[in-house]
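One structure is given below, encoded as structure tokens.
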Amino acid sequence: MNGDSARRQRTGSLPLMLRRSPNLLAGLLLLLPIVACALLAPVIAWHDPYAVDVQARLLAPSASHPFGTDELGRDLLARVLYGARASLAVAFGIVAIGAAAGTLVGTFSGYLGGKTDSLIMRLVDIFMAIPFMVIALALTSALGPSLVNLVIAVGLLSVPFYARMARGLALSLRRQPYVLAAWAMGASSAFIVRRHIIPNMVSSMIVLASIGMSGAILASSALSFIGLGAQPPMAELGAIINGSRSYILDEWWYTLFPGVVLVMAAFGFNLLGDGLRDILDPAGVSR
Amino acid sequence: MNTTPKPDALALKDVTVRFTTARTWFGRVSRQVTALDCVSLRVGEGEAFGLIGESGSGKSTLARVVVGLEQPVSGQLLLGGRPADADRGRAARRLRSDYCQIVFQDPRASLDPRFRVWEIFAEGLEIRGELVTAERRKMAEDIAERVGITKAQLDRYPHELSGGQRQRVAIGRALVMKPRLLVLDEPTSALDVTIQAQILNMLLRLQEEHNLTYLFISHNVGVIEHICHRVAVLYRGRIIESGDVARVLRQPNDEYTRNLIAAVPRVGTTRMRP
Amino acid sequence: MNAVLSIRDLSVRFPSANAEVEAVRNVSIEVGRGEITGLVGESGSGKTLTAMCAMGLQPANAQVSAKRIEVAGHDVTALDRMQLRSIRGRDIALVPQEPMNSLNPTLRIGKQLEIVIRTHKAMTRAEARASALHSLAQMSIDDPDRVLRAYPFELSGGMRQRVLLAMAFSCRPGILIADEPTTALDVTVQQQVLNLLQAGARANDTSVLFITHDLGVVWNLCHRVYVMRRGEIVEHGAARTVIEAPQHPYTQRLLAALPDNSPPRTPLPVGMDELEPGPHRPA
């Protein structure tokens with residue numbers, strides 16, 4: 001009976017949900033400003049992020065340049081806003097590819113079980129055993145350094161992350177009595193996966209995707225930092241931080257602002273993921 | 001006068017079920033558990049047949065074999081006089097589900113938490129793709145009335161219902177396909193005594209109304225004695241004793257049965273002195 | 001006061017979204033020395049919550065008010081956390097419902113017993129081990145050495161429940177609260193565990209508050225019984241008397257609903273208007 005009351009409260013109102021999960025509240029507080037600003041970048045930034053003005057290079061934060069300028073005189077506020085946009089878009093792309101492909105692979109593997117499952121999981125294990133950075137470097141070098149290729153490469157690399165979770169869920173869900181009942185009534189596998197397995201996986205996968213966003217942001221920034229993702233003059237948080245390396249001691253604003261935004265975004269998605277888990281699965285057990 | 005006897009609703013002949021618990025590297029079976037060992041029984045049409053046993057006795061396996069969730073390695077299973085198809089294909093499963101359905105023990109796990117109650121009732125129809133949504137909804141409403149679920153509850157989710165109400169939904173789902181045989185695997189064990197009484201009353205009524213045959217599994221001697229005509233006692237995959245319920249439960253022949261019955265604490269019979 | 005456990009006018013409220021839910025209302029329970037007292041109720045009756053309050057183990061958001069909650073002479077409501085911890089195990093012990101989940105799966109049984117014993121008594125490890133062996137032997141465990149070395153997953157449900165009983169009795173508490181300890185067990189195992197509980201209670205001079213929904217167990221095991229419904233005590237008295245001649249309509253309904261008490265295949269006398277217990281326990 002305990003689980004009943006817990007789940008009854010899941011479908012409550014937003015303020016109630018926020019009250020029950022401080023993680024959710026904190027995550028939203030960190031993310032909403034960043035996402036809002038990133039979406040509204042064209043409206044908020046009054047300078048052009050690509051406009052070079054050598055006279056105005058490396059200026060400290062001021063009224064006309066709240067975040068200062070970089071070594072080419074470009075307004076850092078505009079670059080950080082557009083950079084956040086790029087980073088978020090990239091992260092979203094990575095998670096979309098990874099979660100979609102991973103869920104399909106994992107569900108397929110977990111539902112079928114047996115030898116198919118073992119085979120697929122061994123392939124996934126092999127994939128995971130190779131260091132992430134090595135493959136990322138290899139893939140982006142092979143495909144050519146660009147943001148799109150980065151999305152594809154890291155997206156594919158993150159498939160195992162989602163596949164393992166999806167597979168575990170599918171394995172346990174297919175043994176549930178309501179699945180057995182449907183099967184005994186003559187349901188096809190497609191029906192069971194579509195109507196029973198996937199809907200019951202969605203909440204867990206959303207939590208995972210949220211935490212995955214955090215990892216994706218960091219990964220894409222890391223790759224852009226070493227020059228494999230966003231190419232100059234494109235604004236992307238990791239690329240900006242890369243450009244700030246030589247100026248880190250004297251021009252503190254150059255590294256600080258993109259860095260803080262990056263950390264806030266990654267941290268925010270982590271908290272959001274935890275918060276979603278709090279409200280979607282308060283008992284802590286996925287069914 | 002030549003009267004052909006009606007075929008039994010259910011008959012098992014020397015049914016054996018084995019599970020593999022370990023395999024060698026090359027997939028060959030190295031260890032097995034015999035869940036059912038040469039089990040034979042017959043249930044007549046309209047009868048309520050009880051199955052008593054402790055954990056590991058094989059009673060749940062027996063239930064699953066009857067509805068086709070497990071396959072015996074040997075022996076024969078007859079449903080309504082006809083051998084049950086060992087084919088695991090969809091068509092075979094549908095045919096079997098037309099004849100017999102199962103109600104599980106745990107009211108929480110037996111209903112999909114993402115399905116509304118009316119969708120649960122109508123799932124059998126949805127699987128067959130025969131009726132459109134509105135017609136399925138109407139069928140769901142009919143069934144709901146018969147099992148005591150209100151119209152308002154039809155649009156709710158399982159977690160919004162109590163244990164007893166969920167078990168009604170599970171029974172309703174089983175009845176939608178108009179089966180002749182209902183396998184009930186500890187249907188009231190997770191319910192309060194007063195709710196159990198309501199469900200038992202409903203089961204008795206439904207059996208009368210639709211001439212259903214029940215295979216009723218329980219560890220509760222009082223419930224078996226109340227519902228069933230005949231009973232079999234299972235121990236480690238074998239039927240130890242079977243027969244008329246009053247005889248088996250009050251004058252058991254077998255020692256295991258005697259100990260089992262004696263171990264049940266019941267009102268009015270003294271085992272221990274406080 | 002000869003009572004080992006004395007609860008007087010206990011009420012427990014839970015703040016919830018719209019209103020306050022009163023899960024327990026003015027409950028008074030007394031368990032005397034050497035008694036096995038049953039607490040009977042269906043789900044949502046508040047029986048477990050009442051027992052948890054006696055140990056100070058109620059949920060964090062529960063608002064408890066009582067005239068008195070006395071365990072072996074200590075007023076539970078007046079104790080702070082450290083003091084509560086010291087009486088738990090020593091003066092009042094708990095055997096919970098699910099033996100599978102109540103033992104630490106990563107520690108050997110011997111280690112867990114040792115921890116319990118040494119928390120309440122100053123003993124060397126060797127002494128504690130000897131005491132643990134004695135407790136296990138008391139629960140008719142044939143090979144206590146093997147059990148001490150085992151992990152919980154290596155033991156059957158019945159064996160685990162015996163270990164939990166041994167743990168509970170190890171410090172010879174004045175009162176033991178058993179919360180539906182045999183619900184998840186097979187019938188023959190249940191019989192053994194109940195016999196052991198009875199024997200252990202006698203041997204250690206421990207009273208028992210036995211929470212259950214099973215009237216058959218109450219008939220066989222308990223001296224006295226309290227019947228709870230929706231947070232209130234509706235009837236109490238000597239167990240056999242209450243069951244043979246129930247005064248309150250709810251008790252009568254409860255007994256009438258037992259299939260044992262009606263002729264076979266007849267409708268059991270329970271109305272359809274019997275409301276099922278609602279959500280009394282918010283998360």
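Throughout, read-outs are computed from the coordinates displayed, never taken from laboratory work. No experiment lies behind these values; they were computed from the predicted model shown. FYI the Cβ positions are ideal-geometry reconstructions off the backbone, even for glycines, and counts take in every protein chain you see.
With a threshold of 27 Å on the Cα-Cα distance, the over-threshold entries among C:K47/C:K121; B:K151/B:K178; C:K47/C:K111; B:K6/B:K151; C:K67/C:K121; A:K115/B:K59 are C:K47/C:K121; C:K47/C:K111; B:K6/B:K151; C:K67/C:K121; A:K115/B:K59. Model label sites at A:R57 and C:A238, defined 7 Å from Cα along the beta-carbon direction, differ in position by 10.3 nm.
Check each of the trypsin sites (Lys or Arg not before Pro) in segment A:85-175 and keep only those in coil by DSSP with at most 11 other C-beta atoms within 10 angstrom; list them in order. Walk me through the numbers on the way to the answer.
Details: sites: A:R85, A:K115, A:R122, A:R164, A:R167, A:R174, A:R175; in loops: A:R174, A:R175.
Here the trypsin sites (Lys or Arg not before Pro) that fit, given the DSSP loop and packing criteria, are A:R175.
Say R0 is 25 Å: what FRET efficiency, to the nearest 0.05, do A:V35 and A:A96 get from their beta-carbon distance?
Working: r = 16 Å, r/R0 = 0.64.
Rounded to the nearest 0.05, the efficiency is 0.95.
The distance linking segment C:173-204 with segment A:11-83 is 65 Å (Cα centroid to Cα centroid, whole angstrom). Taking amide H as placed 1.01 Å from N in the peptide plane, the amide H of A:G229 sits under 5 Å from that of A:S224, each at least 5 places away or on another chain. Loop-resident trypsin sites (Lys or Arg not before Pro) (DSSP state other than H, G, I, E or B) in segment C:1-108 with no more than 15 further Cβ atoms inside 10 Å of their Cβ: C:R33, C:K67.
In percent, how large is the relative contact order of segment C:3-261, given Cα pairs closer than 8 Å and 6 or more residues apart? Once normalised by length, the contact order is 27 percent. The phi-based Karplus calculation (6.51 cos²θ - 1.76 cosθ + 1.60; θ = phi - 60°) puts the 3J(HN,Hα) values of segment A:59-65 at 8, 5, x, 8, 5, 7, 10 Hz, whole numbers, x for Gly and Pro.
Here is the tail figure for the protein assembly as shown: Cα pairs spaced more than 37 Å apart come to 57 percent of all pairs.
For segment B:199-221, there are no residues whose amide N sits under 13 Å from a probe point set 7 Å from the Cα of B:A246 along the beta carbon direction.
Within chain B, what's the longest run with no chymotrypsin sites (Phe, Trp or Tyr not before Pro) in a DSSP loop and at most 10 other beta-carbon atoms within 10 Å? Give the range, please. My reading of the result: B:27-274 is the longest stretch.
Placing pseudo-labels 7 Å out from each Cα toward the beta carbon at A:M128 and B:R42 gives an inter-label distance of 5.6 nm. Around the amide H of C:E235, modelled in the peptide plane, lie the amide H atoms of C:V227, all under 5 Å away and 5 or more residues distant in sequence or on another chain. Coupling constants for segment C:117-127 follow from the phi torsions by the Karplus curve (6.51 cos²θ - 1.76 cosθ + 1.60, θ = phi - 60°), and in residue order they are 5, 6, 5, 9, 9, 6, 9, 6, 5, 5, 5 Hz; glycine and proline get x. Given springs between every Cα pair under 10 Å in a Gaussian network model of chain B, which of B:G44, B:G222, B:G80 has the largest fluctuation? Of the options given, B:G222 has the highest mean-square fluctuation. Helices of chain A meeting both criteria, an alpha-carbon length of 24 angstrom or more along the long axis and an average Kyte-Doolittle score not below -0.5, with helices taken as full DSSP H segments, are A:22-39, A:76-112, A:198-225, A:252-280.
Roughly how many whole Å is it from the C-alpha centroid of segment B:186-221 to that of segment A:115-163? Using only Cα atoms, the two centres lie 54 Å from each other.
Considering Cα pairs under 8 angstrom that are at least six residues apart, work out the relative contact order of chain B and quote it in whole percent. Could the numbers behind the result be given before it?
Working: 494 pairs, mean separation 66.2, N = 274.
About 24 percent, as a whole number.
Structure remark: mean-square fluctuation, Gaussian network model of chain B, C-alpha springs under 10 Å; the largest value among B:P72, B:P83, B:P107 belongs to B:P83.
So what is the calculated 222 nm ellipticity per residue for chain A, using -39500 (n - 2.57) for each DSSP H run with n of 4 or more, over all residues, to the nearest 500 deg cm²/dmol?
Numbers: 14 runs with 203 residues, N = 287.
Only helices count here, giving -23000 deg cm²/dmol.
Its DSSP H runs of at least 4 residues, each contributing -39,500 (n - 2.57), put the calculated 222 nm mean residue ellipticity of chain B at -11500 deg cm²/dmol, to the nearest 500.
Among A:S224, A:S210, A:S188, the residue with the largest mean-square fluctuation in a Gaussian network model of chain A, with springs joining Cα atoms closer than 10 Å, is A:S188.
Kindly identify chain A as rounded, prolate or oblate by the Cα gyration tensor criterion: order the square roots of the eigenvalues as a ≥ b ≥ c, call it rounded if a/c is under 1.5, otherwise compare a/b with b/c, prolate if a/b is larger, else oblate. Judged from the Cα gyration tensor, chain A comes out oblate (a/c at least 1.5, b/c at or above a/b).
Let a ≥ b ≥ c be the square roots of the eigenvalues of the Cα gyration tensor of segment A:1-142; is it rounded (a/c under 1.5), or, if not, prolate (a/b larger than b/c) or oblate?
Verdict is oblate for segment A:1-142.
Restricting the count to DSSP beta bridges whose residues both fall in the protein assembly as shown, what percent are antiparallel, rounded to a multiple of 5?
On the way: 48 of 86 bridges.
Among the beta bridges of the protein assembly as shown, antiparallel pairing accounts for roughly 55 percent.
Distant-in-sequence amide contacts of B:R230, defined by a placed amide H-H separation under 5 Å and a gap of 5 or more residues or a different chain, comprise B:A48, B:G50, B:V245. To the nearest ten degrees, helix C:187-203 and the longest principal axis of the Cα atoms of chain C are 70 degrees apart.
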